[in-house]
Each structure stands twice: as structure tokens, then as C-alpha cells.
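Below is one structure, written out as C-alpha cells; comments come after it.
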Amino acid sequence: MKSVTDTGTVRPPLNLALRALLRADATVLMRSKISATLSILLPVVILVATTFGKSQHRLGGTTLTIGLALVIGLLTSSMLGFTLAIAGDRDTGVLQRLHAAPVPTWAIMGSRMGVQVAANLVGSIIVVVVGVILHGLALDAGQVLLVLGAALLGGVTFLSIGQAVVGLVKSSAAVLAVSRVIFIVLILLGLVGGTGLLGDTLKSIAEWTPVGALMTLFADILNRAGWSAQDGWALLACVAWTVVCAGIGIRWFRWESR
Amino acid sequence: MSEGDVPATLPVLQVDQLEVAYGARTAVAGISFDIRPGEIFGLLGPNGAGKTSTLSAIEGLLRPRSGFLLVDGLDVSEHPLEAKARLGVQLQTSSFQAELGIEQIVRLFAGLYGARLDRDQLRTALEQIGLGGELGRRFKQLSGGQQQRLALFIASVHEPRLLLLDEPTAGLDPQSRRQLWNRIEALRGEGRSILLTTHSMEEAQAVCDRVAIIDHGALVALATPAGLIEEYKFDPRVVQAAHGEVTLEDVFIGLTGSEIRD
Ligand SMILES: Nc1ncnc2c1ncn2[C@@H]1O[C@H](COP(=O)(O)OP(=O)(O)O)[C@@H](O)[C@H]1O
Ligand SMILES: [Mg+2]
């Protein structure tokens, strides 16, 4: 047991701490089988189900299906999985113990988010590959990169929404309830609202919701629609949601649920 | 400051007029005490007296309403990370990520505290605390005694100046309790100071050099266990609580009252 922080030096090296955090968080994420399975399985089920019959047309075509599958995967892992893990660890005192360690708080949270973002990327690649195979969609390398870029952004947006939830809601039971409701509202608004099925007002609102904006980006990338002003607004919407929710989530976050 | 510059007499912990509040509710109402190098110091008090709140403030987990906290001469509020680096912490309820095995938990905290541990050192250390065969087990699968031993090992993995142990022997059987006392004394032998909280007067008497009794967030008495008995053995409240010869528990009950706290 050799300590590099003998009582003289100031604080432990941040790189050692970050490496330890990342390794632990990655292990935890890989071992959280239910949440990992759900965030891959759910999108794949959507992709498989839509290969049957004419359901694709009802949903708006292949590109929309793949976009939806990506969004569901990202929402499940970044919004539901992430918030539940944080809230659970806060309830049991895991977070409090980490907080007592000599590392900046951003490192503790940043490591969890970083690992989640990496997992999102892997999940999105799987969804795109499965989607391309099942639906016979031809994508060039540029499109794939853009899709992954959008998935990265969407994942970060959903993570910050999740962070806002754990910032404002304390107990893990309440976090579960609230994030489920948000999950459903986001899907309904972004997807059903976006089709115009619920009227024009909701359609224009839907375009500004995180899911709606992300769906716009996915659709335009997959359709090779070229860059439009609408994509610009969608991008802006995602960034705005991210900034606002992250701000709320950081400002009101508590390390213990008591 | 390097270790050589610290005078041997400088306390490893100075708590000065510490006040902690949760909203409008005061949990610690102006407590002061020092911990000397190599000392085992016991914080005694009924449930809700403010023991955990005092420790939480020292650990940097909550911001005191007022007062000063110096760890090794470092102001905790000005140098939170540097102060945390000198502390070994065992919280009242030890909890680690349920998905991690104990070897991974130790590696995580060794990394967080900047302690370099190779695989062999880690195995040897875990063997020494009787967890050699449990490397892959999860924390929740360990017995209470094993959990406390592991938590104490993690608290001391970076050889801190001061260990803060919140009810380290709560819920343990007598064997595990004795073993933990030995471990705590061994840590003191390695030059560490220890601040522990306990409900057990037997424990306070067995391992603590000095004890402070706190109640309703205020310091009621502070001395060696024997000194406390000597000081209060003729106090009417203590005499009334005593059954025969006055014990530390009689002093405790006499000074903090006999009504039940939750
Ligand atoms: N997070 C908290 N929020 C509100 N009140 C708290 C909190 N933690 C402790 N308290 C209150 O502060 C007082 C001291 O609690 P604590 O420090 O846990 O006492 P002890 O550890 O001596 O049992 C108690 O009245 C307790 O109810
Ligand atoms: Mg307590």
C-alpha cells in the first residue's frame, strides 16, 4: 500500500481518480443487464415488428422507423436507466460515500455520463446496423457518421433531462414514476404530435420537443434531405434543452436523499 | 506543508464552534474539540444528538452554518479536496455499487484516494482482513462483520492522518466487535488518529483515549473515560442513574437523561 498522496502533497492525481471512476462505472453499466438489454432490445423489436405488413407506411416509412428505434434506445438508457441508477445510488448512500472522496464532483457525475454516452454510441451502431439489414436501407459513410453524431447529441440531451429529474426529485421511487411519465409524454409529443394526428398546434410544439427535434434530424440525415433551416432549429432545440436541463440538474442536485 | 513541518503537537483535527443546520432545524449547536495525533477519540451521544452531522461537516458532505474545521491545519471549507484527501471515511451506512465485486470496490477507492495498489498487494491486504476468499463477491453478500472490515480497510487504504468512523461496530457480534477494536488500535499503532462514534460505553472505555458526550447538538462533557467517571461520580443525576459502582454508562445516562430518543 503505497500512497502517492503522502500528507505533504496537495491532493490525489485526478487522472488516477478518473480512471478508477470510469472503470467502475463501465463495469456497473455492463453488469446492469436489465437496462442494457432494454435499451437494445426495445429498438430492435421496433425494427423487427415494422418489417411485417404495411406498418412502415403507417409510421411514415423506413427512415422514420429507424429514427424512432434510435430515439427509444437513447431514451431508455439515458433517461430511464441513468436516472434510476443515480437515484438508487443516492438512496443507498453510494453517492454520499463517493462524495466524501477527494475528487471534484464533476468527475463523479462526468464519469457516469461519459460511460453512458459511450454505451449510447454502441447501442446506436447496433440499431443502425440492424435497421439497415432488416429494412434494406443504403447508407453511405457520411450518413452513418451524421446519424451517430445526432445520436450522440440526443443521448446527451436525454441525459441532461435525466439529470434535471434527479436534481428535482429525491426518492428513487418518485424518480421512477416521474421519468416514466416524461418518457411517455416525450414519445407521444415527439412522435404522434409530429405526424399532425393531434392537430397543427401540437405538431408545431412537437418539433421543438427533444424527441421531435431529434426525429427531424434523423429523418433528414437518413433521407439525404440536405441541410435545411428546420434542421438548424432542431439542432438549436436539442442544445437549448440540454443547457436548461443540465443547469437545473446541477443547480438542485443533492447527494443524499434524506 | 510536508509532514516534517507539522509540529507533533498540532492537532490533526480542530473543531471550533461548529454549527450545523438542516433548514431551520439546528443539529449541531456550537461544538468545539481537538483531536491529537495518535489519539482515539470517541463521540458519544443518544440518537439524534448530532454525531453524524458533526462528522458530515468534517467530511465536507455538508456546509456548516458557522464555525471552523481544520484538518491537519487545513481549513475544510477553503481546501475541501485537500482536506478530504487526509481523511479516511466510514459512513454510518456503508454502501457501494451493488454491481461491483469487492476487489473492484477497493480498486475504485484506491484510485479515488491516489493509493497505488497492485494485484498482489490487494490480495494480501484482503487476506489479512479475512476476505481473501471473497474477491469476486458483492458487498451485499458479505456478513455484517465482513462489510465493516472492508469499509474500514477502504477508509484506511491511503494511509490517512485521521479516520472518521461512524458507529463502526453497530450490529456486530462480540467476536467481530473485538476484532474491529484490535484493527482500530492497530491503525493507531501505524500513526493514525481516529474519531469514532458509538453507543457502546464498553467500547468507549475499551478503545477511546478521550470521549466527548454530546446531546441536542451541544457538548456536555469531554475527558478520558476514567476522568469522566471521576468528575461526575458524585453528581446527583449520575448517582441516581447508577446501580452500585458508577460506570461510564451511568455518567452518560445521568448527563443526557433517560428518556428514549429516536
Ligand atoms: N438530512 C437531514 N435533514 C434534516 N434533518 C436531519 C438530517 N440529518 C439529520 N437530521 C436531524 O439532525 C439531528 C442530528 O442528527 P444526526 O447527526 O444524524 O444524529 P446522530 O448521528 O447523533 O444520531 C437529528 O434531529 C436529525 O433528525
Ligand atoms: Mg448517526
Item to check | Top-ranked residue in the range B:71-93 [being in a loop (DSSP other than H, G, I, E, B), away from ligand 1 (no atom under 15 Å from the Cβ) and facing chain A (nearest Cβ under 10 Å); ranked as farthest from A:R254 (Cα to Cα)] | outcome: B:D72
Item to check | From A:V129, A:V103, A:V147, A:V115, residue being crowded, with 21+ Cβ neighbours inside 10 Å, out of contact with any strand residue (DSSP E or B) (no Cβ under 7 Å at 6 or more places or on another chain) and farther than 17 Å from A:D25 by Cβ | outcome: A:V147
Item to check | All positions within the range B:234-260 that are closer than 22 Å to B:F41 by Cβ and open to solvent by 40 Å² or more (accessible area, probe 1.4 Å) | outcome: B:T247, B:E249, B:I253
Checklist entry - For the range B:159-217, which residues satisfy the criterion of being within 14 Å of ligand 1 (Cβ to nearest atom) and more than 16 Å from B:L248 (Cα to Cα)? => result B:L164, B:L165, B:D166, B:E167, B:P168, B:A170, B:L195, B:L196, B:H216, B:G217
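Residue by residue, here is whether (1) within 12 Å of ligand 1 (Cβ to nearest atom); (2) in a strand (DSSP E or B); (3) β-branched (V, I, T); (4) within 14 Å of another protein chain (Cβ to nearest Cβ) holds:
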{"position": "B:A27", "(1), (2), (3), (4)": "yes, yes, no, yes"}
{"position": "B:P37", "(1), (2), (3), (4)": "no, no, no, yes"}
{"position": "B:G48", "(1), (2), (3), (4)": "yes, no, no, yes"}
{"position": "B:L55", "(1), (2), (3), (4)": "yes, no, no, yes"}
{"position": "B:G60", "(1), (2), (3), (4)": "no, no, no, yes"}
Checklist entry - Any chance the range A:28-41 includes a residue that's at the interface with chain B (Cβ under 8 Å from one of its Cβ atoms), at pLDDT 85 or above and open to solvent by less than 70 Å² (accessible area, probe 1.4 Å)? => result yes
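Need a quick list: strands (runs of 3 or more DSSP E) entirely within the range B:106-223 having at least 3 residues that are closer than 25 Å to A:P102 by Cα and open to solvent by less than 20 Å² (accessible area, probe 1.4 Å).
Filter on the range B:106-223 gives B:162-166, B:193-198.
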Checklist outcome for this item: Just one listed residue, out of B:D215, B:D166, is touching a helix residue (DSSP H, G or I) at 6+ places or on another chain (Cβ under 6 Å), within 16 Å of ligand 2 (Cβ to nearest atom) and within 14 Å of another protein chain (Cβ to nearest Cβ), and it is B:D166
Checklist entry - Scanning the range B:30-78 for residues that are touching a helix residue (DSSP H, G or I) at 6+ places or on another chain (Cβ under 7 Å), β-branched (V, I, T) and more than 16 Å from ligand 2 (Cβ to nearest atom), which turns out nearest to A:T105 (Cα to Cα)? => result B:V76
Checklist entry - Between a first residue in the range A:226-246 that is without any contact (Cβ under 8 Å) to a residue 40 or more places away in the chain and a second residue that is not charged (D, E, K, R), which pairs have beta carbons less than 7 Å apart while being 6 or more apart in sequence or on different chains? => result A:Q230/A:T216; A:D231/A:T216; A:D231/A:L217; A:A234/A:A213; A:A234/A:T216; A:A234/A:L217; A:A237/A:W208; A:A237/A:A213
Checklist entry - Can you spot a residue in the range B:141-158 that is over 22 Å from the mean Cα position of the chain (by Cα) and of a type outside the set (A, V, I, L, M)? => result yes
Item to check | Lone qualifier among B:F96, B:F68, B:F41 - being touching a residue at least 24 places away in the same chain (Cβ under 8 Å), part of a strand (DSSP E or B) and away from ligand 1 (no atom under 16 Å from the Cβ) | outcome: B:F68
Checklist entry - Based on what the data block shows, is B:R107 facing chain A (nearest Cβ under 9 Å), more than 29 Å from B:T26 (Cα to Cα) and of a type in the set (D, E, K, R)? => result yes
Checklist entry - Does at least one position in the range B:12-35 carry a residue that is open to solvent by 10 Å² or more (accessible area, probe 1.4 Å) and within 17 Å of B:P168 (Cβ to Cβ)? => result no
Next on the checklist: Taking the conditions exactly as written (touching a residue at least 12 places away in the same chain (Cβ under 8 Å), more than 16 Å from ligand 2 (Cβ to nearest atom), surrounded by fewer than 23 Cβ atoms within 10 Å (Cβ to Cβ) and among the aliphatic types (A, V, I, L, M)), does B:L81 satisfy them or not?
Outcome noted: no
Checklist entry - Can you pull out the residues in the range B:158-198 that are without any contact (Cβ under 8 Å) to a residue 60 or more places away in the chain, among the basic types (K, R) and touching a strand residue (DSSP E or B) at 6+ places or on another chain (Cβ under 9 Å)? => result none
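The values are calculated or read from the model by the stated rules, or taken from the named source; none is laboratory data. Predicted, not measured: the structure shown is a model, and the values here were computed from it. Positions of Cβ are generated from backbone atoms using ideal geometry, with glycine treated the same way; all protein chains shown enter the neighbour counts. The area values use the complete protein model at the heavy-atom level, side chains included, leaving out ligands, DNA and RNA. Shrake-Rupley method; radii C 1.70, N 1.55, O 1.52, S 1.80 Å.
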